[in-house]
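The structure appears below as structure tokens.
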Amino acid sequence: MIDTTAQILADRLKAALPELRGRLSAATKLDDITWFRVGGPAEVLFTPADESDLVYFLKNIPADVPVFTIGLGSNLLVRDGGVKGVVIRLGRGFGEIKIEDGHRLRVGTAVPDVKVARAAAEAGIAGLHFYRGIPGSIGGALRMNAGAHGTETKDVLVSARAVDRQGNIHELSNADMGYTYRHCSAPSDWIFTQALYAGMPGARGEIQKQMDEVAIYREQNQPIKERTGGSTFKNPPGNSSWKLIHAAGCRGYRVGGAKVSEMHCNFLINDQGASAEDIETLGETVRARVKAASGITLNWEIIRLGEPLPGHSKGEDLAKVDAA
């Protein structure tokens, strides 16, 4: 049965946006989308048909309705109470890859990172092989300055295109993105729709070899076959999160149905039917124990979205500081 409040909001939006071409649905499950396979529903989920449909939506949606954007759900923890307002998820209308002159690729932000790496390899464009090891889509890669194996998004990005909360389109150069480690300074409510990358000429066989090496490394060192959100915490300056977590005695530590991976302890996994609260509690407990052991505060790399169940806590209030 669809939540009445959610249906009212969906009906209100449909009435206000008669020319909308994308899909608008009420009380939509998000646990099927996130790689953790947990979390409550989106009050309303909107999948725009293309960029112009997204612009129309943002220009006309009432200002009092909260708007959030998600990608493939790989780096996302949706809390058990779900997300109030509208969750936007880009789909096929943002899934194109075009090879351009100068060893460049123009890519829609719904395209998975691994697909960009493969397209570059097929076109003989070197420099983007690192995307083979990053789960998620290009939109998230732009937002988080995603990187692996010594290369980051900022090293290959020429420009990006985004739509702001009022429906205005912005063209951003690499410098405009304000990239630092796992951070972009573009306003958090801007939605990236397209990216232009520049690589170098390369031999297909050599690029494929680099991609294979990335894939083998991931398989041997990361719990990629588990329900996980990927790397949980950003690496502190001059240190590695996994080393700090291991030193704090958290490898294999469990809260409910979630535990710290024994293969790579900067990964949290849902291996026994965890709730989102189990996973967040585990993460906050790890942070507290690392802080107590080393004096270093770990910062979440995984995005946490939405609210807990009524009467439940979130964030640092969940930490089990006395855990042994």
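Legend: calculated FRET efficiency, Arg23 to Leu309, from the Cβ-Cβ distance at R0 = 30 Å, rounded to 0.05, equals 0.65. A Gaussian network model of the chain, with springs between Cα atoms under 10 Å, assigns the largest mean-square fluctuation among His170, His312, His183 to His312.
Taking each of Lys98/Lys243; Lys98/Lys225; Lys59/Lys84 in turn, the alpha-carbon distance tops 29 angstrom for Lys98/Lys243; Lys98/Lys225. Sorting 291-298, 138-145, 192-199 by average packing, meaning the other beta carbons within 10 Å per residue, from highest down gives 138-145, 192-199, 291-298. Pairs of Cα atoms nearer than 8 Å and 6+ residues apart set the relative contact order; for segment 68-146 it is 29 percent. For segment 131-226, the fraction of C-alpha pairs more than 16 angstrom apart is 60%. Here segment 64-95 and segment 265-305 have alpha carbon centers that stand 21 Å from each other.
Please work out whether segment 51-106 counts as rounded, prolate or oblate from its C-alpha gyration tensor, where a ≥ b ≥ c are the square roots of the eigenvalues and a/c under 1.5 means rounded, while otherwise a/b larger than b/c means prolate and anything else oblate? Can you show the working numbers first?
Details: a/c = 3.76, a/b = 1.59, b/c = 2.37.
Oblate, since a/c reaches 1.5 and b/c is not below a/b.
For the chain, the carbon plus sulfur part of the accessible surface works out to 48%, probe radius 1.4 Å. Average accessible surface for segment 18-100: 43 Å² per residue, computed with a 1.4 Å probe over protein heavy atoms with every protein chain in place. Each residue of segment 11-26 is assigned a 3J(HN,Hα), and the resulting list reads 5, 4, 5, 4, 5, 7, 10, x, 9, 5, 10, x, 8, 10, 9, 8 Hz, derived from the Karplus form 6.51 cos²θ - 1.76 cosθ + 1.60 (θ = phi - 60°), x at Gly and Pro. Sparse packing (at most 15 other Cβ atoms within 10 Å of the Cβ) combined with a DSSP loop state is found for the following GluC sites (Glu not before Pro) in segment 58-129: Glu96.
If you plug the beta carbon distance of Glu213 and Arg106 into 1/(1 + (r/R0)^6) with R0 = 25 Å, you get a FRET efficiency near 0.40.
Once you have a ≥ b ≥ c as the square roots of the Cα gyration tensor eigenvalues for segment 1-99, tell me rounded if a/c is under 1.5, and otherwise prolate or oblate according to whether a/b is larger than b/c.
Verdict is oblate for segment 1-99.
Within a Cβ distance under 14 Å of Leu20, other residues only, what is the Lys/Arg minus Asp/Glu net charge?
Values: positive: Arg12, Lys14, Arg21, Arg23, Lys59; negative: Asp11, Glu19, Asp50, Glu51, Asp53.
Around Leu20, the surrounding residues sum to 0.
So which trypsin sites (Lys or Arg not before Pro) in segment 198-242 are both in a DSSP loop and have at most 10 other Cβ atoms within 10 Å of their Cβ? For trypsin sites (Lys or Arg not before Pro) across segment 198-242 that sit outside H, G, I, E and B with at most 10 neighbouring Cβ atoms in 10 Å, the list reads Lys225. Values (i) 1.03; (ii) 0.98; (iii) 1.09 are given for comparison; Rg/Rh (Cα atoms, Kirkwood Rh), derived from the coordinates here, is the one labelled (ii). Distant-in-sequence amide contacts of Leu305, defined by a placed amide H-H separation under 5 Å and a gap of 5 or more residues or a different chain, comprise Leu77, Val78, Arg79. Distance from the alpha carbon centroid of segment 246-264 to that of segment 128-147 works out to 25 angstrom. Modelled label positions at Asp189 and Asn299, each set 7 Å beyond Cα in the direction of Cβ, lie 2.2 nm from each other.
Kindly identify segment 252-324 as rounded, prolate or oblate by the Cα gyration tensor criterion: order the square roots of the eigenvalues as a ≥ b ≥ c, call it rounded if a/c is under 1.5, otherwise compare a/b with b/c, prolate if a/b is larger, else oblate. Oblate is the answer for segment 252-324, as a/c is 1.5 or above yet b/c matches or exceeds a/b.
The values are calculated or read from the model by the stated rules, or taken from the named source; none is laboratory data. If you're wondering where the values come from, they're calculated on a predicted model, not measured in any experiment. Glycine gets a Cβ as well: all are built from the backbone with ideal geometry, and neighbour counts include every protein chain shown. Keep in mind that these areas ignore ligands, DNA and RNA; they rest on the heavy atoms of the full protein, side chains included. Shrake-Rupley method; radii C 1.70, N 1.55, O 1.52, S 1.80 Å.
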